[in-house]
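Structure first, commentary second.
The values are calculated or read from the model by the stated rules, or taken from the named source; none is laboratory data. It should be emphasised that the depicted structure is a prediction, and the values quoted were computed from it without experimental measurement. For neighbour counting, all protein chains shown are included, and Cβ atoms are generated from backbone atoms with ideal geometry for every residue, glycine included. We work out accessible area using only protein heavy atoms, side chains counted, and drop any ligands, DNA or RNA first. Shrake-Rupley method; radii C 1.70, N 1.55, O 1.52, S 1.80 Å.
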Amino acid sequence: MNLEEVIQATWEKVKNIDDKGLLASYIPELVNVDAESFGVHISTIDDTNFGIGDYRERFSVQSIAKVLSLSLAYSLLGENIWTRVGVEPSGTSFNSLVQLEADKGIPRNPFINAGAMVISDILLSNLENPKEEFLSFIRNISDNPELNYSGKIAASEKSVGFRNVALCNFIKSFGNIKNEPSDVLDFYFDLCSLEMNCKELSDLFLFLANNGCKISDNSPILTKSQCKRINALMQTCGFYDESGEFAFKVGLPGKSGVGGGIVAIHPNHYAIAVWSPKLNEKGNSYKGMKFLEEFTTKSQLSIF
Ligand code: DON
């Protein structure tokens, strides 16, 4: 089967569907994109690269960065991190506060905002210059020195981040945030402000399809077991309370962001990134979900 042909045909089919999604407007700066943008890029272990549509346009990766901050924390501290954050799907929206009270400040998983804040706190406690060192970590994985934060997006989110401020302070009240909440939040907003295009995103995430090893020289970023576990978390928690639906329809571990990006992994085979900024009611890219469903159905390349 020719992957390029399948992607091309899928893209043609999905690009004109009636997109019922809406731009994420709760972060003011996120509406400054062309709402009709639609790009796809696939990177494979055996070095096939193919992109279509707006795959060279950078966008705000938002929650997709949570997989990378988790990878760094996991590589530094190993299994110890699971005393601070759980590994169960939350079944709630990404910014929900409700379970934290009953769970005594231990977030259900590292991909909801609460969990990503605890991971940010762990990185703050263990790195001298977390902002710079995180950037070096991801630049090194994909040998891409161009990857960077957007100060504009981070400032925009910070100016309206009242719910995240509440979440971080609430977790602090249970003792599961060790640093100053304002420092944790600043780092968290920086992580979420990372900008990449579909090619950069699929190239970067390819290490998770390669047993946790960097593609260019096969050096380990994560152990095989850590990589398996991060992929398992993407499968069960990567789309918040639409994770079951994504597993059902697409059948790949993946992660979405409110900038409209989705990245998905086929272990030992490929990473694929899709970007279309209008989101469905669960906060996941409307067209991105449709594209991946159609792609794995047509190509029969899902993990199930
Ligand atoms: O904290 C937030 O609300 C955003 N920085 C990230 C949320 C996000 O991307 C959820 N994704 N679907």
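Here are some notes:
- Against the conditions (1) open to solvent by 30 Å² or more (accessible area, probe 1.4 Å); (2) within 30 Å of Ile177 (Cβ to Cβ); (3) in contact with a strand residue (DSSP E or B) (Cβ under 6 Å, 6 or more places away or on another chain); (4) of a type outside the set (A, V, I, L, M), Lys228 satisfies every one except (3).
- Residue in the stretch 275-293 that is more than 25 Å from Asn32 (Cα to Cα) and either modelled with pLDDT under 95 or over 16 Å from the mean Cα position of the chain (by Cα) (or both) present: yes
- A single entry from Lys178, Lys172 fulfils the requirement of being more than 15 Å from the ligand (Cβ to nearest atom), of a type outside the set (A, V, I, L, M, F, W, C) and assigned to a helix (DSSP H, G or I): Lys172.
- Members of the stretch 26-36 that are in contact with a Lys or Arg (Cβ under 9 Å, 6 or more places away or on another chain) and either surrounded by 13 or more Cβ atoms within 10 Å (Cβ to Cβ) or small (Gly, Ala, Ser) (or both): Tyr26, Glu29, Ala35
- Subset of the stretch 236-265 that is more than 11 Å from the ligand (Cβ to nearest atom) and aliphatic (A, V, I, L, M) - its residue that is farthest from Glu200 (Cα to Cα): Ala247
- Test: residue in the stretch 13-28 that is in contact with a strand residue (DSSP E or B) (Cβ under 6 Å, 6 or more places away or on another chain), touching a residue at least 12 places away in the same chain (Cβ under 8 Å), of a type outside the set (D, E, K, R) and part of a helix (DSSP H, G or I): no
- With respect to the conditions (1) of a type in the set (Phe, Trp, Tyr); (2) more than 15 Å from the ligand (Cβ to nearest atom); (3) farther than 13 Å from Leu68 by Cα, Phe205 lacks only one, and its number is (3).
- Complete set of residues in the stretch 104-121 that are open to solvent by 10 Å² or more (accessible area, probe 1.4 Å) and touching a Lys or Arg at 6+ places or on another chain (Cβ under 9 Å): Ile106, Ile112
- Residues within the stretch 41-59 that are assigned to a strand (DSSP E or B) and open to solvent by 10 Å² or more (accessible area, probe 1.4 Å), tallied: 5
- Counted residues, the stretch 266-304 - those being open to solvent by 10 Å² or more (accessible area, probe 1.4 Å), of a type in the set (A, V, I, L, M) and within 16 Å of the ligand (Cβ to nearest atom): 2
- Only one of the listed residues (Gly238, Gly251) is within 25 Å of Phe38 (Cα to Cα) and touching a strand residue (DSSP E or B) at 6+ places or on another chain (Cβ under 7 Å). That residue is Gly238.
- The residues of the stretch 212-235 that are more than 15 Å from the ligand (Cβ to nearest atom) and under 23 Å from Glu281 (Cβ atoms) amount to a single one, Gln235.
- Filtered by the rule that a residue be within 13 Å of the ligand (Cβ to nearest atom) and more than 17 Å from the chain's Cα centre (by Cα), the stretch 93-106 gives Ser96, Leu97.
- Residue identified as surrounded by fewer than 18 Cβ atoms within 10 Å (Cβ to Cβ) and out of contact with any Cys (no Cβ under 6 Å at 6 or more places or on another chain) among Leu22, Leu70: Leu22
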